[in-house]
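Worksheet: the structure to be examined is printed underneath.
The values are calculated or read from the model by the stated rules, or taken from the named source; none is laboratory data. The shown structure was predicted, so the numbers you read here are calculated from the model rather than taken from an experiment. Quick reminder, even Gly has a Cβ in these numbers, built from the backbone with ideal geometry, and neighbours come from all protein chains shown. Ligands, DNA and RNA are excluded from the accessible area calculation, which covers all protein heavy atoms including side chains. Shrake-Rupley method; radii C 1.70, N 1.55, O 1.52, S 1.80 Å.
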Amino acid sequence: MARPRRSDDTRALLIEEGAADLLSHGYHGTGIKQVLDKVGVPKGSFYNYFDSKETFARAVIEHHSLCVQRNLATAFAGAPDALSGLRRFFATLIDDFVAAEYTGGCLIGNLGGELEGSEVLRTALSAAWGSWRDGVADALRTAQAEGTVRTDIDAVDLADLLLESWEGAVIRMKIDRTIDPLDKCLRRLLDDYFRP
């Protein structure tokens with residue numbers, strides 16, 4: 001019997017719904033059936049799109065990484081300088097957290113804390129983190145050339161510090177249900193430590 005024709009639209013819907021569920025419920029709390037039901041796809045059809053839950057989660061992580069890159073590009077489009085673009089990027093994330101009532105957080109951070117047993121997903125998360133870090137490092141490198149960020153520390157190291165601090169601030173935001181840790185993180189780094 002021939003397999004049904006695979007629809008790229010259905011695959012994209014599964015990934016988008018999967019991203020929302022993985023963010024809300026984690027890898028172990030997300031059931032494939034619940035994702036399929038929300039999209040209106042029969043359970044047996046899942047394997048037309050993904051080999052396993054693990055490859056499904058990898059596709060969600062890769063999709064999330066592309067969204068982060070697109071959001072970085074959008075933030076920098078028309079920004080007067082690189083530091084303003086970075087602020088715009090993080091302000092958009094903060095707005096999203098407020099709209100979600102401080103729930104969810106960061107898909108990379110959430111899954112990174114949960115999936116230490118899967119090499120496939122660890123590798124996907126590492127690549128997603130690296131892509132995000134590299135985009136922020138590019139902006140910081142530009143800001144260094146513009147004279148608004150210190151040059152005695154490599155832009156990649158500064159980007160790692162910023163994102164690692166940001167992830168900690170996101171955890172604190174979720175615990176305390178306030179954006180204060182996020183604002184403090186950006187203020188202490190972008191307005192102080194990163195300054196020339």
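Being closer than 30 Å to T178 by Cα and in contact with a Cys (Cβ under 9 Å, 6 or more places away or on another chain) is true for just one of A77, A19, A99. Which residue is that?
Working: A77 fails: in contact with a Cys (Cβ under 9 Å, 6 or more places away or on another chain); A99 fails: in contact with a Cys (Cβ under 9 Å, 6 or more places away or on another chain).
Of the residues listed, the single one that is closer than 30 Å to T178 by Cα and in contact with a Cys (Cβ under 9 Å, 6 or more places away or on another chain) is A19.
Across segment 44-57, what is the number of residues that are farther than 13 Å from D21 by Cβ, open to solvent by 50 Å² or more (accessible area, probe 1.4 Å) and either part of a helix (DSSP H, G or I) or in contact with a His (Cβ under 8 Å, 6 or more places away or on another chain) (or both)? It would help to see each step written out before you state the result.
Start the filter on segment 44-57 by keeping residues that are farther than 13 Å from D21 by Cβ, which leaves 44-52, 54-55.
With the extra rule that they be open to solvent by 50 Å² or more (accessible area, probe 1.4 Å), the set shrinks to 44, 47, 51, 54.
Restricting the remaining residues to those that are either part of a helix (DSSP H, G or I) or in contact with a His (Cβ under 8 Å, 6 or more places away or on another chain) (or both) gives 44, 47, 54.
Selection size over segment 44-57: 3.
Sort through E116, E101 and tell me the only one that's on the phi > 0 side of the Ramachandran plot, part of a loop (DSSP other than H, G, I, E, B) and among the acidic types (D, E).
Numbers: E116 fails: on the phi > 0 side of the Ramachandran plot.
Only one candidate passes the filter, namely E101.
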TODO: Considering only residues that are more than 14 Å from the chain's Cα centre (by Cα) and under 23 Å from D51 (Cα atoms), look in segment 87-120 and name the one that is surrounded by the fewest Cβ atoms within 10 Å (Cβ to Cβ).
DONE: G117
Task: Subset of segment 170-192 (residues that are part of a helix (DSSP H, G or I) and open to solvent by less than 40 Å² (accessible area, probe 1.4 Å)) - done: V170, M173, P181, L182, C185, L186, L189, L190
TODO: Give the number of residues within segment 72-86 that are open to solvent by 60 Å² or more (accessible area, probe 1.4 Å) and assigned to a loop (DSSP other than H, G, I, E, B).
DONE: 3
Open item on the list: Considering only segment 58-65, I want to know if a residue exists there that is within 22 Å of G117 (Cβ to Cβ), outside any helix (DSSP H, G or I) and either modelled with pLDDT of 90 or more or open to solvent by 30 Å² or more (accessible area, probe 1.4 Å) (or both).
Closed with: no
Open item on the list: I'd like the residue in segment 135-169 that is of a type in the set (V, I, T), closer than 16 Å to L83 by Cβ and part of a helix (DSSP H, G or I) and, out of all such residues, is least open to solvent (accessible area, probe 1.4 Å).
Closed with: V136
Open item on the list: Here's a check for you: in segment 32-43, which residue that is open to solvent by less than 40 Å² (accessible area, probe 1.4 Å) and at pLDDT 90 or above is farthest from L13 (Cα to Cα)?
Closed with: I32
